[in-house]
Amino acid sequence: MRTPALRRAYLAAHYRVSGPQGTLDVRIGIASAGLRALHRRLGVARSAFLTAWNPRGRRLAAPANRLAHQRLVQCLAALGYRGLPARGVDPCAQWPDEPGLLVPGLPAALALWLGVRFGQNAVVHAACAGVPQLLWIGPTRRAASSDRPAAPGTTT
């Protein structure tokens, strides 16, 4: 459920990516030259930060979270994507780090569909300008979760 406190937590979080040139921290709403450079280096115009940990903000045991993460990796591979290791970090340490992936080239619609599929409240997406944006997943998107966007290289 979207609350002001949850929004503040997402906006305060650091999204830490382990990329080919080292570690990169990005924040929602803040332009990142490092993210733009990563996009250029990988030949993509966008990326999304996804996690499968702690669906709907409810803490799960580590084994359940690891299994969900592995399912996310497999789902992305089936769609033709591979993510870079990443984690969402609460700078105030009120919430544990959440492992995730930065997925180069992933369209926002597909990121949202995956967020719904893995029970998330929101996903983070950045276009070519390198400004990560918070995309909320509301009840309407959850209800339409069977409407999967087309995979890369296909048309609908």
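Remarks
- The stretch 1-110, relative contact order in percent, only Cα pairs under 8 angstrom and at least six apart counted: 32 percent
- The stretch 110-119 - phi-based ³J(HN,Hα) in whole Hz, Karplus 6.51/-1.76/1.60, Gly and Pro as x: 6, 4, 5, 4, 5, x, 5, 4, 9, x
- Other residues with beta-carbon under 10 Å from the beta-carbon of residue 52 carry, at +1 per Lys or Arg and -1 per Asp or Glu, a net charge of +2.
- Dipole magnitude for the chain: about 160 debye, using +1 per Lys or Arg Cβ and -1 per Asp or Glu Cβ, origin at the Cα centre.
- Mean residue ellipticity, 222 nm, helices only, the chain: the sum of -39500 (n - 2.57) across DSSP H runs of n ≥ 4, divided by residue count and rounded to 500, is -9500 deg cm²/dmol.
- Fewest-first ordering of 51, 3 by other beta carbons within 10 Å of each residue's beta carbon gives 3, 51.
- Separation between Cα centres of the stretch 84-133 and the stretch 42-79, rounded to whole Å: 9 Å
- Positive dipole terminus of the chain, leading residue within 138, 44, 76 (C-beta point charges): 138
- Sequence-separation-based contact order of the stretch 14-77, relative, with Cα cut under 8 Å and 6+ spacing, percent: 18 percent
- Selected from 82, 58, 66 as most flexible by GNM, with the chain as the system and alpha-carbon contacts under 10 Å: 58
- Available extension along the chain between residue 134 and residue 3 is 45.8 nm, counting 0.36 nm per residue and deducting the alpha carbon span.
Throughout, read-outs are computed from the coordinates displayed, never taken from laboratory work. As the structure is a computational prediction, the values presented were derived from the model and not from experiment. Note that each Cβ is placed from the backbone with ideal geometry, even for glycine, and that neighbours are counted across all protein chains shown.
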